[in-house]
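First up is the structure itself, then whatever we jot down about it.
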Amino acid sequence: MAHTIRPIVLAILAGLLFSSCGALEPKFYPENKTITSTLFPSDKEDKNDPEFEKKLDMLLSGHEAGISQKTSMKSSFFIEKGKLLIINNLTGIDTVFFDEFKQEIQKKENNLTQVEVIAVSSLPNLSTLRLMGARQQARYVLVLNSFSNVYRYHNGWTIPTIFGLGMPYFFLETQTIKIFTKVEYSLIDIKENVILSNESVTSEAESRAILPESGIVQYKITNGAVFEGAKKLKLKFLDRING
């Protein structure tokens, strides 16, 4: 009888071991899903709404004299003078980052009369983005967005955890968390309804954690990966304007 039970117990332990070492809760950022492709409608849809465009023109007409006049200054994207509105859904980014970003943009681009930042929990559709910009009397909108892959799986500490009937989960770092993040910007001319520039960068982070704290650790390193991506993306954007 004992000889019969032993193989069954070993089979159960082996099953637990191999099943626990797989990836848990994988979440994928879509490689081909960019702000460009998700915000703009397909060719089959009607992109023109005369009443909506008229409303935007009325809102934008509130600019001070001379703001929307064309200038002779060379510019990569900002052909006309106007205000830039930065709309972002980046989590864990300190306000100091955006304060410095605004100053650096205005220092490089003379055709921007003002730069403001708005944080949102999720990005609205293109019409709402354009309407938000028009209400702020902004000719241009810079959209900052991020997607993340989250991989959580058990590491080598899983073995003593299984033989310890699960108790080591509370003091051994059995959880390995890897984050792969894609941060993207899209610069939109809301009057002409075109994307002037669209670029992205990637970053990653990794950490270990005990099971009860794995959610907190995942949140922290995800924010860290987004922040690193945002810094790289900022440099790329600054290089593109007036480049």
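A few notes on this one:
- The one condition in (1) free of Cβ contacts under 8 Å to residues at least 12 places away in the same chain; (2) polar (S, T, N, Q); (3) surrounded by fewer than 14 Cβ atoms within 10 Å (Cβ to Cβ) that N125 fails to fulfil: (1)
- Filtered by the rule that a residue be within 30 Å of G82 (Cα to Cα), part of a strand (DSSP E or B) and acidic (D, E), the stretch 186-236 gives D189, E199.
- Condition broken by D239, with the remaining ones in (1) assigned to a helix (DSSP H, G or I); (2) out of contact with any helix residue (DSSP H, G or I) (no Cβ under 6 Å at 6 or more places or on another chain); (3) at pLDDT 85 or above; (4) surrounded by 17 or more Cβ atoms within 10 Å (Cβ to Cβ) satisfied: (4)
- Taking the stretch 207-243 as the range and being within 24 Å of K178 (Cα to Cα) and in contact with a Phe, Trp or Tyr (Cβ under 9 Å, 6 or more places away or on another chain) as the test, the residues that pass are R208, I210, L211, P212, A225, F227, A230, K231, L233, K234.
- Candidate set from the stretch 153-175 (those that are crowded, with 19+ Cβ neighbours inside 10 Å and part of a strand (DSSP E or B)); member that is modelled with the highest pLDDT: Q175
Condition check ((1) under 18 Å from the mean Cα position of the chain (by Cα); (2) surrounded by fewer than 21 Cβ atoms within 10 Å (Cβ to Cβ); (3) in contact (Cβ under 8 Å) with a residue 12 or more places away in the chain) across all residues:
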{"residue": "I188", "(1), (2), (3)": "yes, no, yes"}
{"residue": "K191", "(1), (2), (3)": "no, yes, yes"}
{"residue": "L196", "(1), (2), (3)": "no, yes, yes"}
{"residue": "E199", "(1), (2), (3)": "yes, yes, yes"}
{"residue": "I210", "(1), (2), (3)": "no, yes, yes"}
{"residue": "Q218", "(1), (2), (3)": "yes, no, yes"}
{"residue": "E228", "(1), (2), (3)": "yes, yes, yes"}
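The values are calculated or read from the model by the stated rules, or taken from the named source; none is laboratory data. Just so you know, these numbers come straight off a predicted model, no measurement behind them. Cβ atoms come from the backbone with ideal geometry, glycine included; neighbour counts cover every protein chain shown.
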